[in-house]
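Engineer: I'd like to ask some things about the structure below.
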Amino acid sequence: MKIQANLIPTSLNQRVGTILRFMLKARLVSIIPLLFLIVLPTQARAEPIDWVVAVINSDVITAHELNRRLIETESDLKEQGTPLPPINVLRRQLLEHLITEHIELQQAKKTGISISDEQLDEAINNIAAQNNLTTAELEQKIQSNGLSIKEFRNKIRNQMMIERLKQRDVLSRIQVSDAEINNFLKQKALQPDMDKQYKISHIFIRLPDNATTAQIDATKKRAEQALSDLKAGMNFGQVAASYSDAPDALSGGLLNWRSGAQLPDLYLKAITNLSPGSITGVFRSPNGFNILKLIDERGKDKQIIVTQTHVRQILIRTSDIVSDSEAQARLEKIRARILAGASFASMAKSYSDDGSAAQGGDIGWVSPGDTVPAFENAMNKLAPGQISQPVHTQFGWHLIQVIARRQANVTKAEQRNEARKAIFESKAEEAVQEWLRELRDSAYVRYFPRPS
């Protein structure tokens, strides 16, 4: 059974695969729709004993944890129709992904990121709604597939913490200037490929930070072996699962549809002269080596229709005087008063630190990309009239209410927003990879062989 959990909107990830899967597949602008798979077969792979497979700073990964992830991933790959890599290869890849998850969670906890039970409940309610289920029906399906409610909640909480960490430490720091937008629009007029859309899969093999010549040669050799396997006729998804260090490796490396403008320049250059079904050679990017497969391409309609949202907010800014926890607590009290009958507009006029306070918090109609990703992600989950839980961005804590939605043609102003979003996504792809590499290289990791 596959349960969708769009914790963030479509992006890199429909990452950071995908940003979110916050690549996030979620627009890194908006990173990665994130997919959460519940795939527990009835029979587990037998393990005679449990033992420590790896130590990551102060955490450990046990054989039981790795084996459970292996079972889930095998079932997931079979459901996708992707041939399984050799078990020892898949186990090695999964161990590296688990190590990265542990490092990210450690960093999130170290820097004070937490997800309240209320925020978690709201996310789970959204997952149920996305799958046309009540929360009770979702819980029944989870339990019928062998996963306890506690385990499910922990998985969702961990995903939310990791994505909040990426948003705070990477995405919120990416800036797009007006000069970059102007240049982008000029180049777009000259390069029609930037407006075409491409469906691609990728294999990314990461270089260590400050890699030595020997490490560069070894990494390139690994990439060339992956290419050799592809030329020998192996399935791209199988090779991605065997070699790729990208977050979407175990879903075949699929990036799905992106405009040329949303792709890193190196990617667009590599696929420009390919025909659908073709594979690039190995090429280097700042953080490692890459192989791409062009699955399909299509032109983009000249008329662009976007979904606009009429939204209002109450913002409490944080400072040396107002802490994160205090700002969040204030908004929780304000939200309770609104739900009890108080006017959102009057609460905004009394308490909001935003310039829209005089208008009752009314921001007006916004298009995709007009607001920061964390705000947009939360806004996109709301039905008209619904009020969010407190949402954290680099500006402080927000209560968000959606008033209405509409479909609208893209104007010149909206074309600039589309450009801003495309530039952001292109930058975010490399920024997330660099951030992950730095996190991984700064961690203490020790592997342990199976005891005899």
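The values are calculated or read from the model by the stated rules, or taken from the named source; none is laboratory data. The shown structure was predicted, so the numbers you read here are calculated from the model rather than taken from an experiment. Cβ sites come from the backbone with ideal geometry, for glycine too, and all protein chains shown count toward neighbours.
Engineer: Name the residue that is surrounded by the fewest Cβ atoms within 10 Å (Cβ to Cβ), counting only residues in the stretch 404-435 that are of a type in the set (Val, Ile, Thr) and modelled with pLDDT under 80.
Structural biologist: Thr411
Engineer: Separate question: Would you say His64 is buried (at least 18 other Cβ atoms within 10 Å of the Cβ) and assigned to a helix (DSSP H, G or I)?
Structural biologist: It is false that His64 is buried (at least 18 other Cβ atoms within 10 Å of the Cβ) and assigned to a helix (DSSP H, G or I).
Engineer: Tally up the residues in the stretch 349-370 that are in contact with a Leu (Cβ under 9 Å, 6 or more places away or on another chain) and either under 26 Å from Val170 (Cα atoms) or outside the structural domain of His398 (by TED's automatic domain parsing) (or both), please.
Structural biologist: Matching residues across the stretch 349-370 total 2.
Engineer: Could you list all residues from the stretch 256-272 that are modelled with pLDDT under 85 and more than 24 Å from the chain's Cα centre (by Cα)?
Structural biologist: Once the filter is applied, which keeps residues that are modelled with pLDDT under 85 and more than 24 Å from the chain's Cα centre (by Cα), the stretch 256-272 yields only Thr272.
Engineer: Which residues, taken from the stretch 123-146, are among the small types (Gly, Ala, Ser), surrounded by fewer than 17 Cβ atoms within 10 Å (Cβ to Cβ) and under 18 Å from Gln159 (Cβ atoms)?
Structural biologist: Scanning the stretch 123-146 gives a single hit, Ala129.
Engineer: Those residues that are of a type in the set (Gly, Ala, Ser), in a loop (DSSP other than H, G, I, E, B) and buried (at least 22 other Cβ atoms within 10 Å of the Cβ), I need them from the stretch 206-254; list them, please.
Structural biologist: Ser244, Ala246, Gly252, Gly253
Engineer: Scan Gly281, Gly369, Gly288, Gly360 and give me the residue that is touching an Asp or Glu at 6+ places or on another chain (Cβ under 8 Å) and modelled with pLDDT of 85 or more.
Structural biologist: Result: Gly288 is the single residue among Gly281, Gly369, Gly288, Gly360 that is touching an Asp or Glu at 6+ places or on another chain (Cβ under 8 Å) and modelled with pLDDT of 85 or more.
Engineer: Just to verify a result, which residue in the stretch 291-323, among those that are of a type in the set (D, E, K, R) and part of a strand (DSSP E or B), is modelled with the lowest pLDDT?
Structural biologist: Arg298
Engineer: Can I ask one more? State all residues of the stretch 155-173 that are at pLDDT below 85 and surrounded by fewer than 17 Cβ atoms within 10 Å (Cβ to Cβ); if no residue qualifies, say none.
Structural biologist: Once the filter is applied, which keeps residues that are at pLDDT below 85 and surrounded by fewer than 17 Cβ atoms within 10 Å (Cβ to Cβ), the stretch 155-173 yields Ser172, Arg173.
Engineer: Evaluate the following for Ser452: is it over 25 Å from Gln167 (Cβ atoms) and either of a type in the set (Gly, Ala, Ser) or under 16 Å from the mean Cα position of the chain (by Cα) (or both)?
Structural biologist: Judged against the criteria, Ser452 is a match.
Engineer: A follow-up question, please. Scan the stretch 312-325 and report the pairs whose first residue is closer than 21 Å to Arg405 by Cβ and in the same structural domain as Asp362 (by TED's automatic domain parsing) and whose second residue is modelled with pLDDT of 90 or more and part of a loop (DSSP other than H, G, I, E, B), with Cβ atoms within less than 8 Å and a gap of 6+ or a chain change.
Structural biologist: What qualifies is Arg312/Gly360; Arg312/Gly361; Gln313/Ser352; Gln313/Gly361; Ile314/Ser352; Ile314/Gly361.
Engineer: Looking only at the stretch 98-121, which residues are part of a helix (DSSP H, G or I), surrounded by 15 or more Cβ atoms within 10 Å (Cβ to Cβ) and not polar (S, T, N, Q)?
Structural biologist: Leu98, Ile99, Glu101, His102, Ile103, Glu104, Leu105, Ala108, Leu120
Engineer: With (1) assigned by TED's automatic domain parsing to the domain that holds Ser323; (2) more than 21 Å from Ile113 (Cβ to Cβ) as the list, and Pro373 as the residue in question, which single condition is left unmet?
Structural biologist: All conditions are met except number (2).
Engineer: Within the stretch 262-282, track down each residue that is not in a loop (DSSP other than H, G, I, E, B) and not charged (D, E, K, R).
Structural biologist: Matches in the stretch 262-282: Gln262, Leu266, Tyr267, Leu268, Ala270, Ile271, Ile279.
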